[in-house]
Each structure stands twice: as structure tokens, then as C-alpha cells.
1. Tell me whether the range 201-216 contains one or more residues that are modelled with pLDDT of 95 or more, under 30 Å from residue 131 (Cα atoms), part of a strand (DSSP E or B) and outside the structural domain of residue 92 (by TED's automatic domain parsing).
2. Just need a number here: residues in the range 346-359 that are in contact with a helix residue (DSSP H, G or I) (Cβ under 7 Å, 6 or more places away or on another chain) and either modelled with pLDDT under 95 or surrounded by fewer than 23 Cβ atoms within 10 Å (Cβ to Cβ) (or both).
3. Answer with yes or no whether residue 213 is farther than 14 Å from residue 292 by Cα and surrounded by fewer than 16 Cβ atoms within 10 Å (Cβ to Cβ).
4. Tally the residues that are closer than 18 Å to residue 342 by Cβ and surrounded by fewer than 24 Cβ atoms within 10 Å (Cβ to Cβ), restricting the search to the range 290-315.
5. Return the pair list, or none, for Cβ contacts closer than 8 Å from residues in the range 207-230 that are at positive phi to residues that are surrounded by 21 or more Cβ atoms within 10 Å (Cβ to Cβ), at least 6 apart or on different chains.
6. Would you mention how many residues in the range 50-75 are part of a loop (DSSP other than H, G, I, E, B) and either surrounded by 23 or more Cβ atoms within 10 Å (Cβ to Cβ) or in contact with a helix residue (DSSP H, G or I) (Cβ under 8 Å, 6 or more places away or on another chain) (or both)?
7. Specify the residue that is farthest from the chain's Cα centre (by Cα); the eligible residues are those in the range 170-192 that are surrounded by fewer than 21 Cβ atoms within 10 Å (Cβ to Cβ) and within 19 Å of residue 314 (Cβ to Cβ).
8. Which residue is modelled with the lowest pLDDT, if the candidates are limited to the range 88-118 and must be part of a loop (DSSP other than H, G, I, E, B) and surrounded by 18 or more Cβ atoms within 10 Å (Cβ to Cβ)?
């Protein structure tokens, strides 16, 4: 018996494209399809689906309204948005993730791109995570993305004594699948007087991180922005790595600044949390509070393992019960280096306790 998928889109062409891709993968039954949120609601109240592929702009009941209804009724359907990439579409996608959608895939700008192997592979890889079919991998999914799901004995890591330079602290957060929703719960809970800057690597395509940062800035007492080249890190500010750029934290005179790199993807992603963590080693920060949130794979673990050799770290991992995908937090927890494994709602207080407040 394969996974049951519901495709919701008012475009007959888009429904056919999505269903044809799903039918090409033996992990799934023949997908069901409907034209708008009202039809989808009638189906989800009668049937159980492993995942819903959901358009945003539809008549009668649009995608965001459908998600709000799911949330209001405390339903737990796993949703992947089928999203546009321009104008209002990015903001709507961020709102959809805030409302509970687990992932999203961009609709290509050109119709011909829908039929490419790359698009189909990306669609199936994301759907596998959302639907729970990830244990049976599609050819394009690398097995090392799922190694973190295997139990591992804690590793023994030899540490170098760290030299405290100026007593300054930094919060560095890594997140992926389910991360935007997690960040919407975490970042607004941090106070404006936080005694550290916050840098975030969230795996998202170019264009969407700006909308994520803008939305978090609206909700938060801290200043939240999409990081820009040369930004000076300041306490009480949050800097989110732009999509498709590695984020580097580096000393620059008397300041610490953000720089970007277009080096190849690592762990299949750019930005990569490992890259960010590794660059922090050469900064003047005396202690780093590393936070690993929900996400597939193990990004962040190798970078933290390298960073802990030169800096005092306080490492917080999100617990399994509150993760959309317990991959990245499990991977760092398996190292034996983690100081705290916490439910999402307790992580903000733990950060404040560790880095303190100004004044």
C-alpha cells in the first residue's frame, strides 16, 4: 500500500503535472485531486492523506484560508505548498509555512521547466519528507541525508583550550524543513535587550529569505533582517542568510561583519550551516550558543564539531516531539556534545539564560 496524496490546484494543467510526477514514483498510490480548498476540506474530513500538495491562489477557499481552517480545527495534515516565486507569492509562502505547511516547492517560471528531471526530482524529494516516504529513497535523494536517523554512539572529541577575548557572545541557529514555522515560534520570544547578535542559516531558495526576515521583524522585539554583505553584527539584531549564498562571519578591524560566498553547495545546500559555524572559529566571540532546529539531514553537525575545538560552546537541540523532521537535531545530539535537548517553546528562555541581557 503506497502513500496517499491529495493534489489541490485550480489549474487542470498544474494538477496533471503534479499527479504525473507523483505517479512516476512507486511509493505513492494514484493521487486524488480537486480544484479548491472547499473541495479539499470535504475530502480531508472523510479521508486520511499522508500529504497534501496545495496551491495558494484558488477560488472559493484559497490555500491560506484552507491552512487556517486546518489550524483552527487542530488538524495535523502534512502540507507541501505548490508556490509561485514572484511578488506576493513569496509573502504568501512564508505565511503558509507560518500557518503549518511543512515545505514548499517553487512553480517554475517557464512551462517547459515543469517537465525536467531536476524539477521532478526536487518535487519527489520534498514530498518524501512531507509524506513520511523518505525511508524509501528516490534516486535523487542521497543516503547521507538520512544517516542522522540511525542511532549512533556519542563521539569522543578532543578539545583545545579556548581563549576568551572580549567576553562577547553570539547565537548561531541552523534550521531546515519545518524551520520557518519553528523560527516564527522562537524569534519573537527573544527580547530586544538580548546580549548577543543572532545569525541564522535556514535552508530556503533565493527570494524567500527576505520575506521570512520581514515577517519575523514584524512579529519580534528584535531587529530581524535578511543579511547583507558587510553588515556589522550588533546585539539585539537577527541576521538571516540569503538563499543561495553561504554566510561567513569574520573579523573586520574592531568589528565582526557578515560576508557571502558563492562556493559550491555543501551537504546539497547553499547556505550551509556547517560553513557558517566553521567561519565563526576565527572571530573574537568568546562563547557561541549554537541552536539546531528541525530539519532533514545533518547540516550543522560537522561545523559545530569543528568549532567546539576552538571555542566554548553551549549547544541546544530541538527535541524530537516538536520537530517537523528530527534529522539535524538528532545528528548533533548523537555527538554527545549537546548541553540541552529542549521542546521548541523552551529554547528562547534557554538562549536568554545563556547569553543574558544588556544593561
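1. Yes, because at least one residue in the range 201-216 is modelled with pLDDT of 95 or more, under 30 Å from residue 131 (Cα atoms), part of a strand (DSSP E or B) and outside the structural domain of residue 92 (by TED's automatic domain parsing).
2. Counting residues in the range 346-359 that are in contact with a helix residue (DSSP H, G or I) (Cβ under 7 Å, 6 or more places away or on another chain) and either modelled with pLDDT under 95 or surrounded by fewer than 23 Cβ atoms within 10 Å (Cβ to Cβ) (or both) gives 1.
3. no
4. Adding up the residues that qualify gives 3.
5. What qualifies is 207/90; 230/258.
6. The total comes to 9.
7. 191
8. The extreme case among them is 107.
The values are calculated or read from the model by the stated rules, or taken from the named source; none is laboratory data. Note that this is a predicted model, so its numbers are computed, not measured. Using ideal geometry, Cβ is built from the backbone for each residue, glycine included, and neighbour counts are taken over all protein chains shown.
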